[in-house]
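Accompanying notes for the structure given below.
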Amino acid sequence: MQAAIIEGIFPRSSRLPASRELARELKVSRNTVINVYENLMAQGYVIARTGSGTWIAEALPEGCLQSPLAPQDTQTLPSKQATISRRGATLLGHATASPYQWGAFVPGAPDVAAFPHKLFSQIQARLSREPDVHRLIYSSGGGCPDLRHALAGYLRVARSVRADAEQIIITEGIHQAVDLISRVLSDQGDTAWIEEPGYWGTRNLLRINGLKIRAVPVDEQGLIADLPPRTKAPKLIFVTPSHQYPLGVHLSLERRQQLLALARRHNSLVVEDDYDSEFRFSGHPHPSLQGLEPDAPVIYMGTFSKTLYPALRIGYMVVPRNLVEPMRIAAAELYRGGHLLIQRALAEFIQAGHFSEHIRRMRLLYSQRRRFLYGLIERYLGPEFLPVVNHDAGLHLVMNLPDGCDDVAIAASALRRGVKVRALSQYYMLPQSRRGLLMGYACVDERQCQDAFGILKACLADAGIRPRNTSVFAR
Ligand SMILES: Cc1ncc(COP(=O)(O)O)c(C=O)c1O
């Protein structure tokens, strides 16, 4: 689209089709079109005019003609009529990864600057001076053995996971684990359950791997696992039981037992996504679902993306014993794992206590930042805007908005002013009226939080959303 604007296919100052219309025409979701429009807006290619839609900017941003998409370079690009497979088009049509991964209020971004980079690089530097050919070849056994041992110990103590190092497979994050699980353990047309609302990253991976997705509602006790009569049983059930994403509820004990019973009865596998449960700020940590019963039909997945930093691309899964061999072989066939030196460094980082220490420090920092943002919402907007579920955990909260309001438009208007929030409605597959904004606070210090909050408050006011006590709002 950027190239089409530069080349004049969309003339300057012309109006772009409404997002709903374009989505219908291209057979993609409206959110996809909105994401594209938002990106173009952020780069200065288009502007939004209140009440009259989105328009190509009169003057294109400086430097766009030197961009890799400029006409003079097009001979080096693949043909514009690139043939995309139906599967590829499905993936692209539902693409949701945000170009914005840092700043107020990107949901789920940890404070990567607070990671002890010097210490970690010293460990890595020492290891790279000790030549070991086994760290320089493909990984074939599920990842670095030392890291698997360190993780088994950590997961047993911190997450009550029942795991031997043997059962652990290191992946390049939860995304890769979901890809591996869906490719190896399901066939095209099998059903997978996901939470409604839920994590769109998982949804898209399942979609491209040909699974039929059923969005299963979540209430204040978590997933309502119920299989109506004459309904096809799910092959895979994806849940975030310790801290439901994005609402934050915790799957109750009764629901956990029901879920495991249902999975056993129908030969389904539960896939537990334990993406950020290290960050609980009050009360006892919720133990994993996997550890609730011996030989539970559960694959447990975890990640260092939230505890350390996302670009590390290291995650792990704990698989039932009968899946160890098939999953290891499949992982080696599909991905030819590597990064063994950094995995070995991570093992040392955990075993020397630095990992637990870092989590302790971040827990304190994130809990203060959460409290600060919560306080701003309460004070300047009012209690009706506070999260419906006050889970006191994680790296984001969901600001409550009036039912049925256009949270997508509010998020887009905030983005135009440099504030990155995500609309709660985009996390649902099925139409519903609940509205809100996901706000990440972990990578935002108090000053930035206050400034960004002020901008967001103005966006809400522009959208006609005001707290009941307007004199407070005016302060
Ligand atoms: C619920 C949930 N699961 C998984 C992930 C991604 O994990 P990874 O970076 O390990 O692929 C995220 C990232 O935001 C998430 O929110």
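None of the figures in this text is laboratory data; all of them are computed from the coordinates on show. What you see is a predicted model, and the numbers here were worked out from it, not measured in a lab. Here Cβ is always computed from backbone atoms with ideal geometry, including for glycine, and neighbour counts include all displayed protein chains.
Close Lys pairs in the chain (alpha-carbon distance under 27 Å; sequence gap of 8 or more, or different chains): 8. Rounded, prolate or oblate: which fits the stretch 116-352, taking a ≥ b ≥ c as square roots of the Cα gyration tensor eigenvalues, rounded meaning a/c under 1.5, else prolate when a/b beats b/c? Judged from the Cα gyration tensor, the stretch 116-352 comes out prolate (a/c at least 1.5, a/b above b/c). With R₀ fixed at 25 Å, the C-beta to C-beta distance from residue 388 to residue 215 puts the FRET efficiency at about 0.85. The length gained by stretching the chain between residue 86 and residue 100 to full extension, at 0.36 nm per residue less their Cα-Cα distance, is 2.3 nm. When the helices of the chain are scored as -39500 (n - 2.57) per DSSP H run of n ≥ 4 and the total is divided over every residue, the value at 222 nm lands at -12000 deg cm²/dmol.
Could you tell me the center-to-center distance, by alpha carbons, between the stretch 122-137 and the stretch 301-323 in angstrom? So the two Cα centres are separated by 22 Å. Put simply, when 207-215, 338-346, 272-280, 175-183 are sorted by average Cβ atoms within 10 angstrom per residue, most first, you get 272-280, 175-183, 338-346, 207-215.
Beta bridges per DSSP, both residues in the chain: antiparallel share near 60 percent.
For 102, 55, 193, 200, the sequence from fewest to most other C-beta atoms within 10 Å is 102, 55, 200, 193. Here the calculated FRET efficiency for residue 137 and residue 379, from their Cβ-Cβ distance with R0 = 60 Å, stands at 0.55, rounded to the nearest 0.05. Once the C-beta distance of residue 130 and residue 335 is scaled by a Förster radius of 22 Å, the resulting FRET efficiency is 0.25 to the nearest 0.05. Rounded to the nearest 5, what is the percent of antiparallel bridges among the DSSP beta bridges in the stretch 116-352? Around 40 percent antiparallel, to the nearest 5. Note on residue 406 and residue 352: their simple-model spin labels are 5.4 nm apart, each label 7 Å out from Cα toward Cβ. Distance from the Cα centroid of the stretch 325-381 to that of the stretch 199-224 is 23 Å (rounded to whole angstrom). Within the chain, the selection of entire DSSP H helices by a Cα span of 15 Å or greater along the long axis and an average Kyte-Doolittle value of at least -1.0 returns 30-43, 117-129, 145-159, 174-185, 253-266, 324-335, 340-351, 354-380, 446-462. For the chain, relative contact order (Cα pairs under 8 Å, six or more residues apart, normalised by length) works out to 18 percent.
By the count of neighbouring beta-carbon atoms within 10 Å, fewest first, 439, 327, 41 end up ordered 41, 327, 439.
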